[in-house]
Amino acid sequence: MKRTGMSRSISYITGSQLLAVKRRPNIAIIDVRDDERSYDGHIAGSLHYASDTFPDRISHLAQQVKGKDTLVFHCALSQVRGPTCARRFANYLEEMKEDAEIKNIMVLERGFNGWEAAGRPVCRCTSIPCKAET
């Protein structure tokens, strides 16, 4: 694959770090879990892009996060789906040359399960997109 410009690195963010910055308007949290989001709850304000349909909806996500400079991806444990979707999105931005605004692509350490186990706030609304305060 031909790379243009700088290759994006994917970094990790802890739940504590995310909690401290998640109210900033330039951050988007992308939940790539599949069906489990509907019954396990989610991080308030997160965008849902299920991993099983992620490649088909990646251009929609790029439009939805316009104006953001930091994206935080997660799945249940952030071991496979979260990092995979983060890398796919980074590759998409490089290929489309649409990476000017987005400076950080991150993965939430320990995923949603770790977030919830640490007692951090979980939203159980069924609105798509989540209407809760971020």
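The values are calculated or read from the model by the stated rules, or taken from the named source; none is laboratory data. Since the structure is predicted, the reported quantities are computational estimates derived from the model, not experimental observations. Quick reminder, even Gly has a Cβ in these numbers, built from the backbone with ideal geometry, and neighbours come from all protein chains shown. Only protein heavy atoms, including side chains, enter the accessible area calculation; ligands, DNA and RNA are left aside. Shrake-Rupley method; radii C 1.70, N 1.55, O 1.52, S 1.80 Å.
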Check your understanding: Between Thr84, Thr53, Thr70, which gets the highest mean-square fluctuation from a Gaussian network model of the chain, Cα cutoff 10 Å?
Key -> Thr53
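Tally the DSSP beta bridges in the chain and give the antiparallel ones as a percent, rounded to 5.
Details: 1 of 16 bridges.
Approximately 5 percent, going by the DSSP bridge assignments.
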Exercise for review: Provide the net charge surrounding Tyr39, with neighbours chosen by a C-beta distance below 14 Å and charges set as Lys +1, Arg +1, Asp -1, Glu -1.
Suggested key: -3
Check your understanding: Any idea how far the Cα center of the range 108-124 sits from the one of the range 8-22, in Å?
Key -> 13
Review point. Which is the longest run of the chain containing none of the GluC sites (Glu not before Pro) found in DSSP loop states (not H, G, I, E, B) with at most 13 other C-beta atoms within 10 Å?
Key: 1-100
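Residues of the chain: accessible area per residue at 1.4 Å, in Å²?
On the way: 7180 Å² over 134 residues.
Accessible area per residue: 54 Å².
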Review point. Where nothing but the Cβ of Lys and Arg (+1) and of Asp and Glu (-1) is charged, how large is the charge dipole of the range 11-123 around its Cα centre, in debye to the nearest 20?
Key: 380
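Length gain on complete extension for the stretch Arg87 to Ala20, per 0.36 nm per residue less the alpha carbon to alpha carbon distance? Spell out each step's value before the answer.
On the way: separation 67, 0.36 × 67 = 24.12 nm, distance 2.42 nm.
This chain segment gains 21.7 nm when fully extended.
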Study note, to complete from the structure: So, for the Cα atoms of the chain, Rg and Dmax in Å stand at 13.9, 44
Point to revise | Inter-site label distance for Ala117 and Lys97 at 7 Å from Cα along Cβ, in nm | key: 4.5
Check your understanding: Given H placed on each backbone N at 1.01 Å, which residues far from Val107 in sequence or on other chains put an amide H within less than 5 Å of it?
Key -> Ser11, Tyr12, Ile13, Phe73
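Give, as a single signed number, the net charge of other residues whose beta carbon lies under 13 Å from the beta carbon of Arg87, with Lys and Arg counted +1 and Asp and Glu -1. Can you show the working numbers first?
Details: positive: Arg8, Arg81, Arg88; negative: Glu94, Glu95.
The answer is +1.
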Revision key, fill the gap. Note, the range 26-40: 3J(HN,Hα) by Karplus (6.51, -1.76, 1.60, θ = phi - 60°), whole Hz, Gly/Pro = x, goes 9, 10, 10, 9, 10, 8, 10, 5, 8, 5, 5, 4, 5, 10, 8
Revision key, fill the gap. Among Arg110, Arg37, Arg24, the residue with the largest mean-square fluctuation in a Gaussian network model of the chain built from Cα contacts under 10 Å is Arg24
Study note, to complete from the structure: Candidates Lys22, Lys66, Lys97; GNM for the chain (alpha-carbon contacts under 10 Å) flags as most fluctuating Lys97
Exercise for review: Express the carbon and sulfur contribution to the solvent-accessible surface of the range 1-81 as a percent, rounded to the nearest whole number, probe 1.4 angstrom.
Suggested key: 52
